[in-house]
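The values are calculated or read from the model by the stated rules, or taken from the named source; none is laboratory data. All figures in this text were calculated on a predicted structure; none of them were measured in a lab. No Cβ is skipped: glycine too gets one built from the backbone with ideal geometry, and neighbour counts run over all protein chains shown. Surface accessibility is based on the protein's heavy atoms, side chains included, excluding ligands, DNA and RNA. Shrake-Rupley method; radii C 1.70, N 1.55, O 1.52, S 1.80 Å.
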Amino acid sequence: MRLCSIASGSSGNCIYVGSDATHLLIDVGISGKRIEEGAALLGLRLTEIDGIFITHEHADHISGLGVLARKYGIPIYATRGTMEAIRKTHSLGKIDDSLFHMITADEKCIIKDMALYPMRTSHDAQEPVAYRISHDQKKIGIITDLGCYNEYTIACLKDLDVLYLEANHDVNMLQVGPYPYYLKQRILSDRGHLSNEASGKLLSRLLNDHMQAVVLGHLSKENNLPELAYETVKLEITMSDSGYKADDFPIYVAKRSEISQMITI
């Protein structure tokens, strides 16, 4: 199983997950052209994509959906609430209803030789989810856009081999930054985004002996820095009582506007 971030951040997100037989995209929040270019760098044509799984309806996760749907007819998987919100997003243009397939949190969805388990997240969207993806006894978790986590989150993400995890903002950078007050409050709320510190604390609860890689994603352009996210998350692991050290696992930061390193398990 393989994972590669094609784009990551508050300006647009798209992640590839695949096996030898199955190729999926998680979110398509950048232009169709950029997704085509990113897939080509991975040696893929978009005609080979078996499905697009959407986490929620915000523009940085769906802006390329209309173009890809019309050009390639790729099946789209989303919760009922997310599908309804997508249909009301007029900027996407017309999308054939037959392409939509409803998924439900905590119910398994099988695509060829891969199983996907949607899980609920706390975010200011209609019915947002994250995904745990399994193939050949290997498991990848992809979770961004959550203002807080709980024991349900941890239970859904236990025993992973690879984790793609939001580290959206540095709290101090956000507080002193240029965003208006209401937006700062939204990001800091329980339905906003995970800070670097919160990301590190959650990661510390999820580490296990067979974790092969961690990717930090969805970094804010204005309120974070890749180096800051990396060092803060590592520090949280070191300070935790998990029994692990930050250097026990490779930790990567997904790149904003180009494909990141391919992770293979």
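In table form, for the structure just shown:
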{"item": "Residues satisfying the stated conditions in region 160-184, i.e. aliphatic (A, V, I, L, M) and surrounded by fewer than 16 Cβ atoms within 10 Å (Cβ to Cβ)", "result": "Val176, Leu183"}
{"item": "In region 182-197, the residues that are within 17 Å of Leu163 (Cα to Cα) and more than 16 Å from the chain's Cα centre (by Cα)", "result": "Glu197"}
{"item": "Close pairs from region 213-239: first closer than 16 Å to Leu202 by Cβ and free of Cβ contacts under 8 Å to residues at least 24 places away in the same chain, partner open to solvent by less than 40 Å² (accessible area, probe 1.4 Å) and assigned to a helix (DSSP H, G or I), Cβ under 7 Å, at least 6 apart", "result": "Thr238/Ala246"}
{"item": "Qualifying residue in region 49-58 (condition: assigned to a helix (DSSP H, G or I) and closer than 28 Å to Ser260 by Cβ)", "result": "no"}
{"item": "Scan of region 210-234 for residues that are open to solvent by less than 20 Å² (accessible area, probe 1.4 Å), of a type outside the set (Ser, Thr, Tyr) and in a loop (DSSP other than H, G, I, E, B), ordered by number", "result": "Met211, His218, Leu219, Asn223, Asn224"}
{"item": "Residues of region 68-121 classified as polar (S, T, N, Q), in contact (Cβ under 8 Å) with a residue 12 or more places away in the chain and over 21 Å from Thr144 (Cβ atoms), total", "result": "1"}
{"item": "Lone unmet requirement of (1) under 18 Å from the mean Cα position of the chain (by Cα); (2) open to solvent by 50 Å² or more (accessible area, probe 1.4 Å) for Lys88", "result": "(1)"}
{"item": "Total residues in region 94-131, condition open to solvent by 10 Å² or more (accessible area, probe 1.4 Å), closer than 25 Å to Ala59 by Cβ and within 14 Å of the chain's Cα centre (by Cα)", "result": "4"}
{"item": "Residue in region 235-265 that is modelled with the lowest pLDDT, counting only those that are crowded, with 17+ Cβ neighbours inside 10 Å and not in a loop (DSSP other than H, G, I, E, B)", "result": "Ala246"}
{"item": "Search result, residues across region 241-265 that are among the aliphatic types (A, V, I, L, M) and either farther than 18 Å from Asn196 by Cβ or touching a residue at least 24 places away in the same chain (Cβ under 8 Å) (or both)", "result": "Ile251, Val253, Ala254, Ile259, Met262, Ile263, Ile265"}
{"item": "Listing of strands (runs of 3 or more DSSP E) fully contained in region 92-134 that carry 2 or more residues being aliphatic (A, V, I, L, M)", "result": "109-111, 114-120"}
{"item": "Any hit, region 9-18, residues being open to solvent by 20 Å² or more (accessible area, probe 1.4 Å) and either of a type outside the set (Gly, Ala, Ser) or in a strand (DSSP E or B) (or both)", "result": "no"}
{"item": "Some residue of region 32-51 being within 16 Å of the chain's Cα centre (by Cα), surrounded by 23 or more Cβ atoms within 10 Å (Cβ to Cβ) and either among the acidic types (Asp, Glu) or under 14 Å from Ile133 (Cβ atoms) (or both)", "result": "no"}
